[in-house]
Each structure stands twice: as structure tokens, then as C-alpha cells.
Amino acid sequence: MRIIFCQKGQSLITLLFFMIIAITIISASVVVTLVNTQSTSRLEITNNAYVMAENGAEDAILKLLRNPDYTGESFSLGEANIITQVSGTNTKAATIEARLNGFIRKIQVNLDYSNNILRMISWKEVL
């Protein structure tokens, strides 16, 4: 009497099991990498928008030094659109908004202009 063990498919099932686990781990790591890359791109764009807003604020201060009646303007700087608004007479508030690829960053600069001297009171980002 002969006993026959049929285990020919057991190694194939084990191989398939480990392949499914490996594919799941690789897919998860690819998804995490893509999400991190996208987040990094967004962070870089919003930081660039902030730098553009700072450049617009510096430009507004220079224009206020040259012309105390400056009220603002809109212009493009690279790919960003900059909107500058200045209000006030002696105490001036300059609000600078930079728009870059759908991201908006704003800076507000408060200035005191008296006796032909322009003095910066505050510089802050506003939401």
C-alpha cells in the first residue's frame, strides 16, 4: 500500500501570499512618497508667494519714500500678481497681497510718516 501526499500547490500559494504582501507594502510606500512630494511642492509655492509679498512690501516702502501720496498699485513679479494698497496720511498702513498659482499670502506694514521721515512701526503677515 502506497500513501501519496499531494502538496504540489502549497509552494505556489505561499509564493502568492508573499507577493501580495510585497505589492501592498510597495504600493503604500509609493502613495506616501507621492503625497510627500505634493505637500513639498505646495509648501515651496506658498513660500515663494510669501517672498513675493515681501518684495512687494519693500517696493511699496521705496515708493512711499519717493512719493508720500502713493496709494498702491497692481503689478506682476515673475509668475505672481502683487496687489499693493496704502491708506492713511501720517500713519500709513500698506497691505500687500501676492497671488501665486492659487496661493495667497498677505503682509501688512504699518508706517509713520512725519517730518519727512518714514519710520516702520510693524511688519507682519495677515490672514
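Among the residues of the stretch 48-76 satisfying the criterion of being among the hydrophobic types (A, V, I, L, M, F, W, C) and either over 15 Å from Leu111 (Cα atoms) or surrounded by fewer than 17 Cβ atoms within 10 Å (Cβ to Cβ) (or both), which is modelled with the lowest pLDDT?
Going through the qualifying residues, I end up with Leu65.
Hey, any hits in the stretch 17-40 for a residue that's closer than 21 Å to Leu127 by Cβ, surrounded by 13 or more Cβ atoms within 10 Å (Cβ to Cβ) and among the polar types (S, T, N, Q)?
In the first step, residues of the stretch 17-40 are kept if they are closer than 21 Å to Leu127 by Cβ; the result is 39.
Now restrict to residues that are surrounded by 13 or more Cβ atoms within 10 Å (Cβ to Cβ): none.
So far as the stretch 17-40 goes, no, none of its residues is closer than 21 Å to Leu127 by Cβ, surrounded by 13 or more Cβ atoms within 10 Å (Cβ to Cβ) and among the polar types (S, T, N, Q).
Counting only residues that are surrounded by fewer than 12 Cβ atoms within 10 Å (Cβ to Cβ) and out of contact with any strand residue (DSSP E or B) (no Cβ under 6 Å at 6 or more places or on another chain), which one in the stretch 79-116 is farthest from Met52 (Cα to Cα)?
Ranking the candidates gives Asn115 first.
Within the group Ile96, Ile26, Ile61, which residue is free of Cβ contacts under 8 Å to residues at least 60 places away in the same chain and over 25 Å from the mean Cα position of the chain (by Cα)?
Ile26
Can you pull out the residues in the stretch 103-127 that are free of Cβ contacts under 8 Å to residues at least 12 places away in the same chain and under 30 Å from Ser41 (Cβ atoms)?
Answer for the stretch 103-127, where residues must be free of Cβ contacts under 8 Å to residues at least 12 places away in the same chain and under 30 Å from Ser41 (Cβ atoms): there is none.
The values are calculated or read from the model by the stated rules, or taken from the named source; none is laboratory data. The shown structure was predicted, so the numbers you read here are calculated from the model rather than taken from an experiment. Don't worry about glycine lacking a Cβ; one is built from the backbone with ideal geometry, like all the others, and counts go over all protein chains shown.
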